Every structure is written in structure tokens, then in C-alpha cells.
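Before any comments, here is the structure.
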Amino acid sequence: MGYSIIPHPARINVKEGTCAFRVSSFIKIIGEENTLKARDELTAFLNNLLEIFPSGGEQEIHFLLSEGTDKKGSYNISITKNLIELTSGSEEGLFYAVQTLKQLLFQCGEYLDEAEIYDEPEFPVRGFMLDCGRYFFDKKAVFRFIDLMALHKLNEFHWHLSEDQGFRCQLDCAPLLTEIGSVRSHTNFNNKEHSGYYTKADIKEIVAYAHSKYIKVIPEIDTP
């Protein structure tokens, strides 16, 4: 069946049935200091599945950052016997390579076939809009949306923070906008009161988290 990756890579070649790489607790994750961010992203993901011990075992994952003229965000993944190499000309590209590797692990489980994958962004702007003005999503849910955006290599987060149904952005100069304006008397679906807003600290934390995933935040704040 090959690999199903979203978005589909520019080039992909899979040798089905080879079972070249087995994911285990004894994977060595190797790379220079300038690949630390991408390595940490993968290590955190793997540690949610199984505990990684950095020594022992034959399986290795190598991160290689090589300066070149490749398109921004492009990457290459090579899967061979007991070895995965993730290569890019930028840290952003390595981050996207990790997202593709995550998708492969979600799809295939512990065994990965031998493969060569190359991808680059087809469009510079790959956006997603979350409407928190009409219905409030708490901070945990927004983090989850950002994680899903990153997994699918989306890079612009259109964050709708105000509507006539609710004002969700705390402002020191106009506190009533959230004290009163963040509350709906009833919703369209269950006819219950609905409320919520983000503090300034919440917004700073969410923006910083998005930036850590190479996602730009575009707030939409309508004039009250």
C-alpha cells in the first residue's frame, strides 16, 4: 500500500515488505548541536510511546543539517537497514521531516520499510483558522490544534479572537470587553450560557508555542 503522508511528498519511493527499521526503546538519536530542536521534537514524541534509552541497540536516527540551495522547508528522509537519516538545509526543514516520520509511525507502528522521501512546500502560506469568537476553546485545546497544524506542516494560524458572540482577548484598557463581552447568554445548539477568554499570559504562551512549531500567528480582533 506504500505510505500515506499528508501533504503527499514531492517524491517517495518505498520498498514494501522490507521491514528495514524497527522502532524500539534503544534507538540512538544522533546529530550536531544545530539539530537539537528537531531531535528534541522527535525524542519527546517517542518518549510518549516508549521510554528511549540512548545507548545500546542497532537502530540509529541521524539528523543532518547541510547548507545548500534547497527550497526553504524542504527535507529528505532515507530509511535503510537499522538507519534513518533526516537531512535538510534548515532547522525548519528538519522539523518538517520529523512530522513526516511521526505520520509514518502513526500509520505503520514499530516497523518501517526501506524508503526514500523528498518533500518541499508547494505553497509558502499554508493556513488554518480557529474561530474562538463564537465558541471559546481553552488553552489546552489551542495547543492541540497547533500540534495538529505542525503535524500537517501548516505554518500560519489565523486566530479569530472576537465576534459579537464573544470577545476573547484581555485588554488592560478595556476590561469590560472580557468581563462582560466574553459571555454569551445562550448558544445556538444547547441554549446554555457560554463564556471564556484568554489572559495576556495565555496569549503570550500560545504565540510562543506556535513559534516553536514554525507557525506564524495572525490574530483577528474585530472592532467592538
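Tabulated data for the structure shown
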read-out	value
In the stretch 166-224, the chymotrypsin sites (Phe, Trp or Tyr not before Pro) that fall in loop regions by DSSP, at most 12 other Cβ within 10 Å	PHE189
Within-12-Å neighbourhood charge of LYS71 [Cβ basis; K, R +1; D, E -1]	-4
Chymotrypsin sites (Phe, Trp or Tyr not before Pro) restricted to DSSP loop in the stretch 65-114 with at most 12 other C-beta within 10 Å	none
Carbon plus sulfur fraction of accessible area for the chain, probe 1.4 Å, in percent	54 percent
The stretch 174-222 - Rg (one decimal) and Dmax (whole number), Cα, Å	14.2, 38
1.4 Å probe accessible area per residue over the stretch 125-178, in Å²	46 Å²
Nitroxide proxy distance, nm - points 7 Å out along Cα→Cβ at HIS8 and ILE180	5.5 nm
Label-point separation, LYS37 to ASN188 (7 Å along Cα→Cβ), nm	3.8 nm
Helical mean residue ellipticity (222 nm; -39500 (n - 2.57) per DSSP H run of 4+; nearest 500) of the chain	-8500 deg cm²/dmol
Net charge, CYS108 excluded, C-beta distance under 13 Å - Lys, Arg +1, Asp, Glu -1	-2
Gain upon complete extension [LYS140, ASP172; 0.36 nm per residue less C-alpha separation]	9.2 nm
Amide hydrogen neighbours beyond the local backbone of VAL183, cut-off 5 Å, H modeled	PHE167
GluC sites (Glu not before Pro), loop per DSSP, at most 15 other Cβ atoms within 10 Å - longest free stretch of the chain	123-192
The stretch 56-124, relative contact order [Cα under 8 Å, separation at least 6], %	36 percent
Span from the the stretch 166-224 Cα centroid across to the the stretch 62-114 one, whole angstrom	36 Å
The stretch 43-125: trypsin sites (Lys or Arg not before Pro) in DSSP coil with no more than 13 other Cβ atoms inside 10 Å	LYS72, LYS81
Label-to-label distance, nm, for residues given as ILE221 and SER78 (7 Å Cα→Cβ offset)	4.9 nm
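The values are calculated or read from the model by the stated rules, or taken from the named source; none is laboratory data. Because the structure is predicted, anything quoted here is derived from the model rather than measured. Neighbour counts run over all protein chains shown; Cβ positions are idealised from the backbone, glycine included. The protein model used for the area step is the full one, side chains on, heavy atoms only, and it has no ligands, DNA or RNA in it. Shrake-Rupley method; radii C 1.70, N 1.55, O 1.52, S 1.80 Å.
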